[in-house]
Amino acid sequence: MYHRLNKSRLAPALWFTSLVTLVIIVGLPMIAIILFAVFPKINELSLTAPFSLLIPNLTDPRLSGAIANSLMLSASVTAVAALTALPLSLLRARMSKRQGQFWDVCFLIPFLIPPYIGSLAWMQLLQRNGFIEQLFGFHAGAMLYSFTGITLVMALNLFPLIYFSASRSLMVIGSRYGDIARVCGANPLSTFFRIDLPLVLPALVSSGLIVFILTIEEFGTPEILGRRFGFEVMVTAVHDKFTNWPVDLAGASVLCCVLILLAFLAYRGQQMIVAVYQTQVDANGFATAEPSTSVLLRLSTVGVFALVAIIAVALPLASVTASAFMDTMSGGLDRDNFSLRNMQTVFAPGSDAINAILTSLSLAIAAALLTALIGFLVAFTLVRLPSRGTAMLDFLSILPNSIPGMAVAVGLILTWNLPFWPVTPYNTLLILLLAYLCLMLPYPIRMLTTALRQLPTSLDHAAYVAGANEITVIRRILAPLLAPVAFAAGFIVFAISTRELVTSLMLSPPGVETVATFVFRQFDQGSMNVGMAMSLLTILLSAVVIGAGQRLAGRTFR
């Protein structure tokens, strides 16, 4: 219908601009990884010996061990997160609205604590002479620095993903089928396995695959905890290949290809399950469950939720807060050992911490603005200018969802560190900005695409009939209507960019630090308290910015 109303030459130009932008930001790094994995001497502009290092790298015991460890860890974290989230989800579906909202807010807090900061918090709690030993006389260092420990720490950070997905699914499905089963004489256990579990299984598997992806691409926790007991995963192996001499570009590329393949397969599986599940729910229109009236069940539910909240939320948050205000770690939890000294160090004029904050803020603001603008352009092209190339554009727009941050960093290094570029962003802040854009683009694109589909095309058509072109339609009609959504997406991008670790570690130019690298290096240098002060500020900033973004998005879609 659009083409009947308007024959402007701007349409191909907008489509071409969208495609080129996504190819540069997303496509080139992925192509570089594949080329280096196939042609190990491509950096010398040579296509000799194709595939010569592929099999040796895949059969290297160290690399194959890292792959096996990654798969085992991801599967274990997913299983523990699901086992934690499923009972909570069943109980949440029977809660009153106000009570359920309170616990939902509590379980949002783990999202605000970056995984590497959470790992440092658990170290402060459980290691020898940690907070637990100071208060109660025992420690759990041996458990923490083990496969069990790293699994539990990551599961406690990620289980809310499954909890929110499964609880919402159960609330939509309602209790009608369970009530009918109980009327027919079924006991609670039989009702769970024959009614509740099959109905919630699609949401459980779908969110579990997301947890699997996030675990397999997580760098901070395996680096901080896994190094203590020699546990290596794919992301830490890739990091070593770039930071240890001799640099192994081919080996890093091969591992990144495996990372991308596993993440992509899991992501596509999650998409397929979500599509089927949503179709089933829309077709049946289930009723929402009624809250339970049993006093004993309500008290038991509160007890279970409070226990999980203490372990997953209160303890790590208390650890970060206490460490941020302690003068020295050796001084322990003594009243005289608490002061504002670390905060004063962070905010001292001209300090490394201030420079890191300013760098992160400037990069995050630039990333938020650019991703919103690019997301608007891509969303308009996908929704309002469909063509034969729409599938390619859509693929590039969702590809970053299945690209681990480590792979993005490796791809950017391989792309922009080649000798034939006359000008390159490598070793400048621009390379960090490109990494943030690649990782964050799916947020504004998906949000703006969804919002744009809700706007009637009659608005555009009326403008075209009056002689307007695409730019006028965007500037005068769509931009004002979609501005709140773009701002909400920008808030989310800003908050996540300020805490991004792996690409910042891999790509930061010499002498430049971001908030995430500052915290990480303070830990390496033994200045734990200053790092925790910065971590506390990061958590508070993320809470404020993400909360503002979600509130703005909620108002937009009312």
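A few notes on this one:
- Filter pass, residue 40 being part of a helix (DSSP H, G or I), in contact with a helix residue (DSSP H, G or I) (Cβ under 6 Å, 6 or more places away or on another chain) and surrounded by 17 or more Cβ atoms within 10 Å (Cβ to Cβ): no
- Residue in the range 71-86 that is in a loop (DSSP other than H, G, I, E, B), touching a residue at least 24 places away in the same chain (Cβ under 8 Å) and within 29 Å of residue 222 (Cβ to Cβ) present: no
- Verdict on residue 338 being outside the structural domain of residue 433 (by TED's automatic domain parsing) and among the aromatic types (Phe, Trp, Tyr): yes
- Qualifying positions in the range 92-104 - at pLDDT 85 or above and surrounded by fewer than 21 Cβ atoms within 10 Å (Cβ to Cβ): 102, 104
- Per-region count, the range 100-137, residues of a type in the set (A, V, I, L, M, F, W, C) and under 18 Å from residue 153 (Cβ atoms): 14
- Residue within the range 421-429 that is at negative phi and not in a loop (DSSP other than H, G, I, E, B) present: yes
- Those residues of the range 227-236 which are surrounded by fewer than 23 Cβ atoms within 10 Å (Cβ to Cβ), touching a residue at least 40 places away in the same chain (Cβ under 8 Å) and out of contact with any Pro (no Cβ under 6 Å at 6 or more places or on another chain), in sequence order: 228, 229, 231, 232
- Candidate set: the range 344-378, residues that are small (Gly, Ala, Ser) and at pLDDT below 90; chosen: the one nearest to residue 498 (Cα to Cα): 353
- Residue under evaluation residue 274, criteria (1) modelled with pLDDT of 85 or more; (2) part of a helix (DSSP H, G or I); (3) among the hydrophobic types (A, V, I, L, M, F, W, C), criterion not met: (1)
- Single residue of 484, 480 found to be farther than 18 Å from residue 243 by Cα and free of Cβ contacts under 8 Å to residues at least 24 places away in the same chain: 480
- On the stretch given as the range 370-413, residues that are in a loop (DSSP other than H, G, I, E, B) and either surrounded by 24 or more Cβ atoms within 10 Å (Cβ to Cβ) or within 19 Å of the chain's Cα centre (by Cα) (or both) total 2.
- Looking across the range 332-354, the residues that are part of a helix (DSSP H, G or I) and either in contact with an Asp or Glu (Cβ under 7 Å, 6 or more places away or on another chain) or acidic (Asp, Glu) (or both) come down to 336, 337, 341, 352.
- Filter pass, residue 123 being of a type in the set (A, V, I, L, M, F, W, C) and outside any helix (DSSP H, G or I): no
- Any hit, the range 128-135, residues being closer than 18 Å to residue 323 by Cα and of a type in the set (S, T, N, Q): yes
- The criterion of being over 23 Å from the mean Cα position of the chain (by Cα) and surrounded by 17 or more Cβ atoms within 10 Å (Cβ to Cβ) does not hold for residue 56.
- Only one of the numbered conditions (1) buried (at least 20 other Cβ atoms within 10 Å of the Cβ); (2) closer than 15 Å to residue 152 by Cα; (3) among the small types (Gly, Ala, Ser) is not met by residue 89, and that is (2).
- Of everything listed in (1) more than 19 Å from the chain's Cα centre (by Cα); (2) of a type in the set (D, E, K, R); (3) farther than 20 Å from residue 149 by Cα; (4) surrounded by fewer than 19 Cβ atoms within 10 Å (Cβ to Cβ), the single unmet condition for residue 268 is (1).
- Unmet requirement for residue 475, which otherwise passes all of (1) under 19 Å from the mean Cα position of the chain (by Cα); (2) closer than 30 Å to residue 27 by Cα: (1)
- Filtered by the rule that a residue be without any contact (Cβ under 8 Å) to a residue 60 or more places away in the chain and not charged (D, E, K, R), the range 416-453 gives 416, 421, 422, 423, 424, 425, 426, 430, 442, 450.
- Lone qualifier among 29, 40 - being modelled with pLDDT under 90 and not aliphatic (A, V, I, L, M): 40
- For the range 320-335, the condition holds for at least one residue, the condition being that it is within 21 Å of residue 160 (Cβ to Cβ), under 26 Å from the mean Cα position of the chain (by Cα) and surrounded by 13 or more Cβ atoms within 10 Å (Cβ to Cβ).
The values are calculated or read from the model by the stated rules, or taken from the named source; none is laboratory data. Everything numeric in this text was worked out from a predicted model, so none of it was measured. Here Cβ is always computed from backbone atoms with ideal geometry, including for glycine, and neighbour counts include all displayed protein chains.
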